[in-house]
Amino acid sequence: METSSISRRILFFLIAVQLSCQCIQCVVTYDGKAIVINGRRRILISGSIHYPRSTPEMWEDIIMKAKDGGLDVIETYVFWNVHEPAPGVYDFEGRYDLVRFLKTVQNAGLYAHLRIGPYVCAEWNFGGLPVWLKYIPGISFRTDNEPFKWAMKRFTEKIVKLMKSENLYESQGGPIILSQIENEYGSLDTRYGAFGHNYITWAAEMAVGLRTGVPWTMCKQDDAPDPIINTCNGFYCDAFTPNKPYKPKIWTEAWTGWFTEFGGPSYRRPVQDIAFAVARFIQKGGSFVNYYMYHGGTNFGRTAGGPFVTTSYDYDAPIDEYGLIRQPKYGHLAELHKAIKQCEPGLVASDPIIVSLGPRQQAHVFYSKLGRCSAFLSNYDTNNGSRVMFNQRHHNLPAWSISILPDCLNMVFNTAKIGVQSTRLTMLRANSQMFSWETFSEDLTTSDVDSAFTSFSLLDQVNVTRDSSDYLWYTTTIDVAPTESFLYNGEHPRLLVESSGHALHVFINGKLSGSIFGTREDRRISYRAKIRLLSGRNKIALLSVAMGLSNIGGHYESWETGVLGPVVLYGLDHGKLDLTHTKWSYRIGLKGEAMNVVSTTRMPSSVEWVQGSLITQNNQPLTWHKAYFNEPDGEEPLALDMSSMGKGQVWINGQSIGRYWTAYATGNCQQCHYTGSYRPIKCQVGCGRPTQRWYHVPRSWLKPTGNLLVLFEELGGDPTGILLAKRSMTSVCADVVEYHPNIKNWRNETYGQTQVFHSPRIHLQCSPGLSISSIKFASFGTPVGSCGSFQQGTCHAPTSLDVISKRCIGEDRCAVAISNTNFGQDPCPNILKRLSVEAVCTPTSMGQG
């Protein structure tokens, strides 16, 4: 690991030196074919990596993996609410160090697309806009409104000025080749009419007037005014056409998966379908593709929006939440990028000549300026493969696939045929125990003297908290006469509480009476339950809980949150009692928050932590827990297993991991197939299990010993069941057929000469620090199944296991050619064979011991 780290630093240094020798003043323009950089049209492959969703210590590794995966550009939003948490107060440190992030991109030799917005959506709290913006007098978000435009211009100018001061635009020799103003405004433009049109026109003029020296884009904005480039977002963008013929066809968000919400399943998008969508976009004139996301990362703290978006923002991206490569998605797309780049001269020089190859089959043929031919062969049939004739050669096209022929003769890639390895990543318990558990419960029996204020009406939660906390207490009292019938007949009164979300805990005289939760689709909730009241004065305390503020929708700044009523008590002798306009006391947040119990600073405090065996008194609501642990050995990414807990928030050494909630996923988790148009509901996983069980713990947040874990539990749970785990690669698989059109298996000669076919190979590679310790399965013949469930078929070469074991055991990587001679003889002549392998990866010392 140390050698790898040193080599990467040397590589970064050499790239930086090379960049310093390039042009000081570069030019970025565009035409109807592509983005033009220093006079050269480019096919550009991009990926979204959001800097606040990982740590600065992760950036270099993630960005270099993106480069190795064939990316040219890194795309990121700029998140206004983290950079300006209060008016005129700016934060560009730590995870918010935008300059450092962009310089890391530059040092890797990549370009950047800076999506300033400043509205970003992104399943980010309040869509990236600061909550304080809502309270500027007379403001109305994202429309022809002077207070909003003034604030938006001021922040945009702040970012552009910062970028210019660091020479980060390509026109200054920096990495930024594109910038975006606004974001996905098209639907609002129609709804807002003239106000929307005037706003977009103003935004475009404002952005262009900042003179960055690079083009500006607007995504999902069909009427983007010149010179702004309108772009496409979606699962597919091949049908998209820019609003002017002199603008290039740009896909700013090619969705690699989908986000998750608590209580819902996770979503997977088959890589064969993503590759098909990208190849189809390129063959129809597209020249810039950005994967959203390429690395999704983590919604640390309270940054998740929605509401109800999970702390994990993994997105089924090619690089997973922890910064590890997800195979085969990463590798298959890397092969696609290589194939596309081989066709670049023709793609940027000509429009395609479209040739029919069948009822649902086509060829898109391109010619470079030197006459070089490249072709994309497409089969749009979702059920059947097709054998087509093109350029006097037969080609087999699987259903819903595209083959790429850089020389119009030889197929080097097919979107449906995966030739790279698959990996199995598992959470393995770390060698680190939690110790010195202590607990502290919120006091629910105190009077209302510590309340912030009182009111004779129910108030919007965000208007009270200004989003300083997820929690707001609504408290009132009622007097019950000793003559009330329910005190004697056992027919307890019923309480109705109507809330605009997102969750609600009801306490009667200091005891939890019940809880209710909304969903992202329906955040409004109604609590209806019998409650136990006593003779005399009774205290009703409602704890309203926010689960991230809305990030999308027309004028979402006006959407309500919290208990807004009615609140009614039914079943009293005189009928019902409407409490909506009684006297309510308000308290923002929790006492533990006010006393900063998550702090690592050891200062005298009024918090009375209870030690020892009392921690085992589980299922206590509104309870703080803390413990200590030492950093596990190794360098694998770490995660907390929170499945023994209910719902709350968790901190490590004073830094917030985020919200946790052991909400079980409901959905329709049936078998998924890659063919046909993709939608998230098509490929769901995790039904019946917690939506999120594991919570990322960045290693850079840890010290060798004495790390402080603090959590706040709303419902109750067993904190002693919390475990620290390592995300580890346990096995790798390969499954490749004879004659697989893998680009690595072709030696490209000078155009016009014959290209030489080499036997395809399986490639197996463990993560750094791991090596292949055993071969769990190997079969050359007709094996069936998939990674983790391979089985021998009717045809099997008996030497399969021995051949693979000799080549691979003890190595961190190996390659084996798929040929009859390699396995002694042809096990089944005249039958198309495949080689399927599953290898076990273990720490190098163990694997070779």
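Observations, loosely collected:
Okay, residues lined up against (1) loosely packed, with under 14 Cβ neighbours inside 10 Å; (2) of a type in the set (Ser, Thr, Tyr); (3) under 15 Å from Tyr471 (Cα atoms):
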position: Gly562; (1), (2), (3): no, no, yes
position: Leu569; (1), (2), (3): no, no, no
position: Leu572; (1), (2), (3): no, no, no
position: Leu577; (1), (2), (3): no, no, no
position: His581; (1), (2), (3): yes, no, no
position: Ser585; (1), (2), (3): no, yes, yes
position: Lys591; (1), (2), (3): no, no, yes
position: Ser599; (1), (2), (3): no, yes, no
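- Checklist (1) open to solvent by 20 Å² or more (accessible area, probe 1.4 Å); (2) under 12 Å from Glu738 (Cα atoms) applied to Phe780, failing item: (1)
- Within the set Val412, Val388, Val365, the sole residue that is more than 27 Å from Tyr246 (Cβ to Cβ), among the β-branched types (Val, Ile, Thr) and over 35 Å from the mean Cα position of the chain (by Cα) turns out to be Val388.
- Residues that are farther than 12 Å from Gly296 by Cβ and among the hydroxyl-bearing types (Ser, Thr, Tyr), drawn from the range 36-54: Ser46, Tyr51
- Every test in (1) open to solvent by 10 Å² or more (accessible area, probe 1.4 Å); (2) at pLDDT 95 or above is passed by Gln671 save one, and that test is (2).
Conditions (1) among the hydroxyl-bearing types (Ser, Thr, Tyr); (2) more than 19 Å from the chain's Cα centre (by Cα), marked per residue:
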| position | (1), (2) |
| --- | --- |
| Glu631 | no, yes |
| Pro637 | no, no |
| Tyr660 | yes, no |
| Gln684 | no, no |
| Asn707 | no, yes |
| Thr720 | yes, yes |
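- So Ile250, is it within 30 Å of Ser786 (Cα to Cα) and more than 12 Å from the chain's Cα centre (by Cα): no
- Among residues of the range 681-708, those that are touching a Pro at 6+ places or on another chain (Cβ under 9 Å), part of a strand (DSSP E or B) and hydrophobic (A, V, I, L, M, F, W, C), counted: 2
- Taking the range 112-129 as the range and being within 20 Å of Asp314 (Cβ to Cβ) and part of a strand (DSSP E or B) as the test, only Trp124 passes.
Matching residues to (1) farther than 17 Å from Thr76 by Cα; (2) small (Gly, Ala, Ser); (3) part of a loop (DSSP other than H, G, I, E, B):
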residue: Arg191; (1), (2), (3): yes, no, no
residue: Phe195; (1), (2), (3): yes, no, no
residue: Trp202; (1), (2), (3): yes, no, no
residue: Arg211; (1), (2), (3): yes, no, yes
residue: Pro227; (1), (2), (3): yes, no, yes
residue: Ala239; (1), (2), (3): yes, yes, yes
residue: Gly263; (1), (2), (3): yes, yes, yes
residue: Asp273; (1), (2), (3): yes, no, no
residue: Asn290; (1), (2), (3): no, no, no
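- All conditions in (1) assigned to a strand (DSSP E or B); (2) more than 30 Å from Pro680 (Cβ to Cβ) hold for Met206, with the sole exception of (1).
- Residues of the range 459-492 satisfying the condition of being within 30 Å of Glu442 (Cα to Cα), open to solvent by 50 Å² or more (accessible area, probe 1.4 Å) and in a helix (DSSP H, G or I): Asn463, Leu487
- Residue ID - most open to solvent (accessible area, probe 1.4 Å), chosen from residues in the range 792-826 that are among the β-branched types (Val, Ile, Thr) and without any contact (Cβ under 8 Å) to a residue 60 or more places away in the chain: Thr794
- Restricted to the range 696-717, and to residues there that are charged (D, E, K, R) and more than 19 Å from Val597 (Cα to Cα), the residue that is surrounded by the most Cβ atoms within 10 Å (Cβ to Cβ) is Arg699.
- Being touching a Gly at 6+ places or on another chain (Cβ under 9 Å) and either open to solvent by 70 Å² or more (accessible area, probe 1.4 Å) or modelled with pLDDT under 95 (or both) holds for only one residue in Pro829, Pro768, Pro843, and it is Pro843.
- Residue in the range 524-545 that is among the polar types (S, T, N, Q), farther than 25 Å from Ala665 by Cα and either in contact (Cβ under 8 Å) with a residue 24 or more places away in the chain or surrounded by 20 or more Cβ atoms within 10 Å (Cβ to Cβ) (or both) present: yes
- The single residue among Arg537, Arg523, Arg528, Arg532 that is at pLDDT below 95 and either in contact with a His (Cβ under 9 Å, 6 or more places away or on another chain) or part of a strand (DSSP E or B) (or both) turns out to be Arg523.
- Selection count where residues are part of a loop (DSSP other than H, G, I, E, B) and either open to solvent by less than 10 Å² (accessible area, probe 1.4 Å) or basic (Lys, Arg) (or both), scope the range 718-739: 1
- Checked against the criterion of being in contact with an Asp or Glu (Cβ under 6 Å, 6 or more places away or on another chain) and either surrounded by fewer than 17 Cβ atoms within 10 Å (Cβ to Cβ) or free of Cβ contacts under 8 Å to residues at least 60 places away in the same chain (or both), the range 187-197 has at least one qualifying residue.
- Condition met for Thr156 (crowded, with 17+ Cβ neighbours inside 10 Å, outside any helix (DSSP H, G or I) and within 30 Å of the chain's Cα centre (by Cα)): no
- Number of the exception - Lys247 against (1) touching a Lys or Arg at 6+ places or on another chain (Cβ under 9 Å); (2) on the phi < 0 side of the Ramachandran plot: (1)
- Scanning the range 540-567 for residues that are part of a strand (DSSP E or B) and at negative phi gives Ile540, Ala541, Leu542, Leu543, Ser544, Val545, Ser550, Val563, Leu564, Pro566, Val567.
The values are calculated or read from the model by the stated rules, or taken from the named source; none is laboratory data. Just so we're clear, the structure is a prediction, and the values are computed from it rather than from any experiment. Methodologically, a virtual Cβ is constructed for each residue, glycine included, from the backbone with ideal geometry; neighbour enumeration extends over all protein chains shown. All accessible areas refer to the heavy atoms of the entire protein, side chains included, with ligands and DNA or RNA removed. Shrake-Rupley method; radii C 1.70, N 1.55, O 1.52, S 1.80 Å.
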